[in-house]
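Peer 1: Pasting in a structure now, in structure tokens, and then I'll have a few things to ask.
The values are calculated or read from the model by the stated rules, or taken from the named source; none is laboratory data. Here the structure is a predicted model, which means the values were calculated and not measured. For neighbour counting, all protein chains shown are included, and Cβ atoms are generated from backbone atoms with ideal geometry for every residue, glycine included. The protein model used for the area step is the full one, side chains on, heavy atoms only, and it has no ligands, DNA or RNA in it. Shrake-Rupley method; radii C 1.70, N 1.55, O 1.52, S 1.80 Å.
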Amino acid sequence: MVASGLVVFRQFVDDDLGCASYLIGDSRAGEALVVDPAYAIEPYLEAARREGLRIVRVLETHTHADHVSGHGRLALEHGVPISVHPLADPRFPFDPLEDGQTLEVGSVPIRVLHTPGHRPEHCAFVVDERLALTGDSLFVGDAARPDLAVDAREGAEGLFHSLQRLTQLPEAVEVYPGHVAGSLCGAAMSPERSSTIGDQTRTNAALAYADLDEFIGISASVSTPRPPTTAHVVDLNRGPFVGAPAALTERRVTQSDKVTVLDVRSADLHAAGHVHGAISVPVDGSSFATRAGFILDPDEQIVLHASSREEAERGARGLRAVGFLELGGYAVDVEASEPTRPVEMEELTRLVDGDAVTILDVREKDERDTGFIPGSVHMPYRLLRACGPDTLENGKPIVTICESGARAGIAASVLVAAGIDARPVLHGGINDWQGNTVEFRRCGSG
């Protein structure tokens, strides 16, 4: 918590999704507002309580596509009004934001800057002329992707002018973005969680283009994958208020249940023994919610297999954040008798020398281009379930591999659940391969 005079300012970061949200308050007036709240609103309520503040408004920079907003819960549970630019076209009661408008929380002024590009309704907020909450426009080290709401070139043109506008703020103004490293909304974001306008003007690669056409050409060529949950999350955030989730209840799981079992335990525990047909996405791994969102369908009934209720609750919180609101419960005491034997690198060498397996590289295309094992097949882990494992059948067992083992474990579990003989390299990856690798240089690359 940062307090300066009357101003109370707190940044909240969801490290799993790379999302940032903010509490701004006036300690003398006892009022606060929240910018871009996460679906789990309890941290804002607790922080406000500790400071003796009452949350009186939510400001949304835009309609989020990567996480469910908590504005519905704050409205329904605490009567808090929502402010957003009307171009968001929300289907809930809201107070419209206007470019140049100044809001106040207590005596703290918050100036609205309409900064379209990432989405047409996007706004940034300048707090007390000292802090700029830039949302999904200017990040630390990068700028937002322009392709999620409109044509990429149209979005890039709007983003160019919005970035130019933000850089006209005084150099000393502090920049607090809506995303940090780990988010899919920018490719080159810094792990730093704040900066200044001056520092970004000097160092941010996205601000190096003074020519509009050059910026559009670079910014519009987005290669970061778009999560399949995007449209669902946008619809939830634009639609009627989403209230609190139902309690997560423990249940029994049998093979006759028509559910999808998501194993959120560690990859090693999954390998030692799992429920038949379970998909492994460890909650303690990086980007849990994003990876689960690439694999799962919001319409399927999901039951979490966890080591404890606490672990199940962490998994449920991550899933709800990306739109999986109707969960089928969790199981701890369950028959997990099906093992998957991981492959060590030395064993993989022997298997490849004996032409006994097919290696499936489950990294992204740009990662594979830097070097891959000759003869390996390529399909990113996130596409396996959607494309169908039949595309990989060639009669040989499959060994999945990535950079570290995390995605290989997910991929192997998807294949095994579909009846494919698959084993992951869990502890190691391409960089540990002692044999030859092939680099693939695409036409036009540097």
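Peer 1: Looking at L113, is it outside any loop (DSSP other than H, G, I, E, B) and surrounded by 20 or more Cβ atoms within 10 Å (Cβ to Cβ)?
Peer 2: yes
Peer 1: When you scan the range 101-110, how many residues do you find that are in a loop (DSSP other than H, G, I, E, B) and hydroxyl-bearing (S, T, Y)?
Peer 2: The number of residues fulfilling the criteria is 1.
Peer 1: Right, E98: in a loop (DSSP other than H, G, I, E, B) and either touching a residue at least 12 places away in the same chain (Cβ under 8 Å) or crowded, with 20+ Cβ neighbours inside 10 Å (or both) or not?
Peer 2: Yes.
Peer 1: Out of the range 36-64, which residues are surrounded by fewer than 24 Cβ atoms within 10 Å (Cβ to Cβ), touching a residue at least 40 places away in the same chain (Cβ under 8 Å) and either in contact with a Phe, Trp or Tyr (Cβ under 6 Å, 6 or more places away or on another chain) or small (G, A, S) (or both)?
Peer 2: Scanning the range 36-64 gives A40, A47.
Peer 1: Condition test on H232, is it over 23 Å from the mean Cα position of the chain (by Cα) and either touching a residue at least 40 places away in the same chain (Cβ under 8 Å) or not in a loop (DSSP other than H, G, I, E, B) (or both)?
Peer 2: No.
Peer 1: Can I ask one more? Would you mind finding the one in Q164, Q200 that is open to solvent by 30 Å² or more (accessible area, probe 1.4 Å) and polar (S, T, N, Q)?
Peer 2: The match here is Q164.
Peer 1: With respect to G178, determine if the residue is within 19 Å of H62 (Cβ to Cβ), crowded, with 18+ Cβ neighbours inside 10 Å and at pLDDT 90 or above.
Peer 2: Yes.
Peer 1: How many residues does the range 369-399 hold that are part of a helix (DSSP H, G or I), of a type in the set (A, V, I, L, M, F, W, C) and open to solvent by less than 30 Å² (accessible area, probe 1.4 Å)?
Peer 2: Total meeting the criteria: 2.
Peer 1: Among the residues of the range 89-98, is any among the hydrophobic types (A, V, I, L, M, F, W, C) and under 24 Å from the mean Cα position of the chain (by Cα)?
Peer 2: Taking every residue of the range 89-98 in turn, none turns out to be among the hydrophobic types (A, V, I, L, M, F, W, C) and under 24 Å from the mean Cα position of the chain (by Cα).
Peer 1: Something else: Somewhere in the range 68-75, is a residue open to solvent by 10 Å² or more (accessible area, probe 1.4 Å) and over 30 Å from V281 (Cα atoms)?
Peer 2: Yes - at least one qualifying residue is present in the range 68-75.
Peer 1: For the range 350-368, give me the residue count where each residue is of a type in the set (D, E), surrounded by 12 or more Cβ atoms within 10 Å (Cβ to Cβ) and in a helix (DSSP H, G or I).
Peer 2: Residues in the range 350-368 being of a type in the set (D, E), surrounded by 12 or more Cβ atoms within 10 Å (Cβ to Cβ) and in a helix (DSSP H, G or I): 2 in total.
Peer 1: Follow-up. Counting only residues that are open to solvent by 60 Å² or more (accessible area, probe 1.4 Å) and in contact with a His (Cβ under 9 Å, 6 or more places away or on another chain), which one in the range 300-337 is nearest to I420 (Cα to Cα)?
Peer 2: In this case the residue turns out to be S337.
Peer 1: Also, I was wondering about something else. Hey, could you check the range 408-439 for residues that are assigned to a loop (DSSP other than H, G, I, E, B) and open to solvent by 60 Å² or more (accessible area, probe 1.4 Å) and say which is farthest from E338 (Cα to Cα)?
Peer 2: E439
Peer 1: Could you please find all residues in the range 272-308 being at pLDDT 95 or above, touching an Asp or Glu at 6+ places or on another chain (Cβ under 7 Å) and not β-branched (V, I, T)?
Peer 2: Correct list: G273, H274, A278, S280, F288, A289, H305.
Peer 1: Across the range 14-52, what is the number of residues that are under 23 Å from T134 (Cα atoms) and of a type outside the set (A, V, I, L, M)?
Peer 2: 15
Peer 1: Give the residues of the range 298-315 that are part of a loop (DSSP other than H, G, I, E, B) and touching a residue at least 24 places away in the same chain (Cβ under 8 Å), sorted by residue number.
Peer 2: Answer for the range 298-315, where residues must be part of a loop (DSSP other than H, G, I, E, B) and touching a residue at least 24 places away in the same chain (Cβ under 8 Å): P298, E300, Q301, A306, S307, S308.
Peer 1: Against the conditions (1) farther than 25 Å from G135 by Cβ; (2) hydroxyl-bearing (S, T, Y); (3) more than 20 Å from the chain's Cα centre (by Cα), where does T203 fall short? Just the number, please.
Peer 2: (1)
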